[in-house]
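So the structure is just underneath, and the comments pick up after that.
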Amino acid sequence: MGLARGGAVTTVWSSGAGPPAHAGGSAALILVEGSTFCVSASSGDILPDRAQGLFVADTRVVSTWQLQVNGAPVEHLTTIEDESYRATFVARTVPRLGLADSTLLVQRTRHRAA
C-alpha cells in the first residue's frame, strides 16, 4: 500500500491493474463424501500435473478439469467451503482490452450428486 497526494490510500485495485493473478489457486481443497473425494486447486480446477482428481473408492476417475471461457482461464476470486462435501468457486473472465473490469462473473458449485 502507498499514499498518494492528500493522504489517499492507493492499492493494486485503485491502480487499475486488478487483483493479483492466481495460478489455478495454489492451495489444495479436499471435498469428502463417504468413499468419494475430490482434490482440486482452491480455484476449483483439477490440474493434470498435480496429485488432484475425483476419486471413487480410491480410484481416480477424473484427472483434469479446467474451466476456460473463450479459450482463456478464468481468474479465481474466492472459494467458499459450505460443507465437507460442498464448495462454491467464484471467478471472473479476464477484462477485455481497454476495459477496467471483466464482463462475466462465474460461480461454480461442486457437491455430491443427489
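For the reader, a short list of remarks on this structure follows.
- Pairs with Cβ under 9 Å, 6+ apart, first in the range 88-106 and closer than 14 Å to residue 43 by Cα, second among the basic types (Lys, Arg) and not in a loop (DSSP other than H, G, I, E, B): 88/108; 88/110; 89/108; 89/110; 90/108; 91/108; 105/92; 106/92
- Any hit, the range 33-43, residues being surrounded by fewer than 17 Cβ atoms within 10 Å (Cβ to Cβ), touching an Asp or Glu at 6+ places or on another chain (Cβ under 6 Å) and not β-branched (Val, Ile, Thr): no
- Given (1) exposed (fewer than 11 other Cβ atoms within 10 Å of the Cβ); (2) at pLDDT 95 or above, index of the condition residue 70 fails: (2)
- Yes/no for residue 84 being in contact (Cβ under 8 Å) with a residue 40 or more places away in the chain and polar (S, T, N, Q): yes
The values are calculated or read from the model by the stated rules, or taken from the named source; none is laboratory data. In this text the structure is predicted, and so the values were computed from the model without any measurement. Note that we place each Cβ from the backbone using ideal geometry, even for glycine, and neighbour counts take in every protein chain shown.
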